[in-house]
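The block underneath contains the structure these notes are about, expressed in structure tokens.
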Amino acid sequence: MWGLLSGFLAALFAVFNARFVREGIPSSTITFYEMTAGTVILILWFGFQGKLDASFFKMTLADFGWLLFLGVLCTSVAFMLMIDVVNHLGAYTASLTINLEPVYSILLAIVILHENELLNLKFYIGAFFIVLIVFLNPIIKRRIGRRQRQIRMKI
């Protein structure tokens, strides 16, 4: 159930971002408002659950550095670039690409942090299907486009 909701929200995210870009709103502005809204929602969520105390913010300097790296480069910059890409690729293709984020995030964690002991066969099967769909999408689009052109030429 959560997976379906996540997929729906990711698609909605791409569609709204495409609309904002067409309206001429800069990707940096869109990203700023999205990240601010996400931060406020998470603070409220954890606050209402009673989990927002001093222990929540306890971390080492290395942890803080990694969070800063992942938050700025792998999230904020990636979001800004993705919003720009939506304008060129379309919302559907962009939403497929967004689905790769967990895959490359986990792969980065394996390479950089050596955090792979909890991954099982289900992860690798799921990652395979996500990557397969992302690569099949342009091939299928190209074939559909050719068929539509052939049908138009016959008419």
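Laboratory data are not the source of any read-out in this text; all were calculated from the coordinates shown. Small disclaimer: the values here were computed from a predicted structure and weren't measured. Every residue, glycine among them, receives a Cβ derived from its backbone with ideal geometry; neighbour counts consider all protein chains shown.
Extension gain for the segment PHE69 to ARG143, taken as residue separation times 0.36 nm less the Cα-Cα distance, is 22.6 nm to one decimal. Helical content alone sets the calculated 222 nm signal of the chain at -25000 deg cm²/dmol, taking -39,500 (n - 2.57) per DSSP H segment of four or more residues and averaging over every residue. The stretch between LEU4 and ASN116, if pulled fully straight at 0.36 nm per residue, gains 37.8 nm over its current Cα-Cα span. Which one of ALA94, ALA37, ALA78 has the biggest mean-square fluctuation once the chain is modelled by GNM with Cα springs under 10 Å? Answer for the Gaussian network model of the chain: ALA37. In straight-distance terms, cross-link reach from LYS141 covers every one of the lysines whose alpha-carbon lies under 25 Å from its own, apart from those fewer than eight places away in the same chain; here that gives LYS154.
In summary, the helical segments of the chain meeting the span-like criteria, namely a full DSSP H run, a Cα extent along the axis of 27 angstrom or more and a mean Kyte-Doolittle hydropathy of at least 1.0, are 2-22, 27-48. For the stretch 38-155, a crude dipole built from +1 on the beta carbon of Lys and Arg and -1 on the beta carbon of Asp and Glu, taken about the Cα centre, is about 1260 debye to the nearest 20.
With the simple spin-label model, which puts each label point 7 Å out from Cα in the Cβ direction, the ARG152 to ILE25 separation comes to 3.2 nm.
Fewest neighbouring Cβ atoms within 10 Å first, the residues SER76, SER6 line up as SER6, SER76. Taking a straight line from the alpha carbon of LYS58, not one of the aspartates and glutamates sits under 13 Å away once near neighbours fewer than eight places off in the same chain are left out. The fewest-to-most ranking of MET1, MET82 by surrounding Cβ atoms within 10 Å reads MET1, MET82. Here percent of Cα pairs over 24 Å apart was calculated from the structure, and among [x] 51; [y] 59; [z] 29 it sits at label [x].
Put in order of Cβ neighbour count within 10 Å, fewest first, the listed residues THR31, THR39, THR93 become THR39, THR93, THR31.
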